[in-house]
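Since the structure comes first, as structure tokens, the remarks are kept for the end.
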Amino acid sequence: MSPILALARKEFRDGVRNRWVLAVSLMLALLALGLAYFGAAPSGEVGFTPMGVTIASLTSLAIYLIPLIALVLCYGAIVGEREAGTLLLLLGHPVQRWQIFVGKFLGQAAVLSLSILLGFTVAGALLAMLAPEARESGAWGAYVLFVATSILLALAFQSLAYVVSAAVAEKTRAAGLALLLWLVFVLVFDLLLLGSLVATEGAIGGGVFPYLLLLNPADVYRLLNLTGFDAVALSSGLASVVPEALFSRTLLIGVLAAWAAVPLALAAWLFNRGESS
């Protein structure tokens, strides 16, 4: 067995043994079903909503949860091993540094991907059986896109967590920086954009506003899921802010994939530099 596969299997077994997969899958499935049933409660109605409304609600929730789950799971991937001294033990074996890095990343990526896939697939299957309102035309294509891009969003924030983990020497600092990243990308970034638009009444930044959203992986994920299909776009209202024709689905998927690849390359460079210094 190759060292990469052996390390990936160890990380995956640890994630399963610590009940990460079960806990995250169960939480996502229950939240998806809860949103589907109680999503219209603010308007005074209770019951399963159309799938477009459900996906719009799920996207808004996933933007908060999935980055947080990925950062919490992965911020200690490298610095934790370094603090515990197990990284030196690994490097004492006939295995190269890049193989350790890739093996750990693949194992934790498998934990995240399986958790998201299981949680949302179970919820989607139950919705198909229980809710005739969910069987609208075109909505299931949007749901498949939602699940796939949720995994890609998790990988993007896993890569950002690896950058933090490779850059610092203490696990507590890595935890603080991971929380800061979550605050910046999930809360602060959008507040700053909206604040600048409101303060200047749209005079400054209005033309470049849609393009600035590409600087945030959470916003790219939002654009993909809230403007990609008519059934969802009508429920979200985002199409009035960012016209669908401005960004193709392929372009947005490519940008989100770049948010996973570029930080990962930076983390690998930091890891190799740190161990060689």
Consider LEU153 against the criteria (1) open to solvent by 10 Å² or more (accessible area, probe 1.4 Å); (2) modelled with pLDDT of 95 or more: it satisfies all of them except one. Which criterion is unmet? (1)
Scan segment 170-181 and report the pairs whose first residue is under 17 Å from TYR64 (Cα atoms) and without any contact (Cβ under 8 Å) to a residue 60 or more places away in the chain and whose second residue is surrounded by fewer than 18 Cβ atoms within 10 Å (Cβ to Cβ) and among the hydrophobic types (A, V, I, L, M, F, W, C), with Cβ atoms within less than 8 Å and a gap of 6+ or a chain change. none
Residue among PHE120, PHE146, PHE157 that alone is within 30 Å of ARG82 (Cα to Cα), in contact with a helix residue (DSSP H, G or I) (Cβ under 7 Å, 6 or more places away or on another chain) and either touching a residue at least 40 places away in the same chain (Cβ under 8 Å) or assigned to a helix (DSSP H, G or I) (or both): PHE157
Only residues that are in contact with a helix residue (DSSP H, G or I) (Cβ under 7 Å, 6 or more places away or on another chain) and closer than 14 Å to CYS74 by Cα: list them for segment 171-188, please. LYS171, ALA174, LEU177, ALA178, LEU181, TRP182
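Only helices (runs of 4 or more DSSP H) wholly contained in segment 1-93 count here; list those with 2 or more residues that are over 21 Å from LYS171 (Cβ atoms). Give the derivation first.
Numbers: elements: 3-17, 20-38, 51-74, 79-84, 86-91.
Output list reads 3-17, 20-38, 51-74.
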Which ones in segment 212-229 are at pLDDT 85 or above and open to solvent by 10 Å² or more (accessible area, probe 1.4 Å)? LEU212, LEU213, LEU214, LEU215, ARG222
Residues of segment 84-132 classified as open to solvent by less than 30 Å² (accessible area, probe 1.4 Å) and basic (Lys, Arg), total: 1
Within 20 Å of the chain's Cα centre (by Cα), among the aromatic types (Phe, Trp, Tyr) and in a helix (DSSP H, G or I): which single residue out of TRP182, TRP98 fits that description? TRP182
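The values are calculated or read from the model by the stated rules, or taken from the named source; none is laboratory data. Because the structure is predicted, anything quoted here is derived from the model rather than measured. Every residue, glycine as well, gets a Cβ built from its backbone with ideal geometry; the counts of neighbours run over all protein chains shown. Keep in mind that these areas ignore ligands, DNA and RNA; they rest on the heavy atoms of the full protein, side chains included. Shrake-Rupley method; radii C 1.70, N 1.55, O 1.52, S 1.80 Å.
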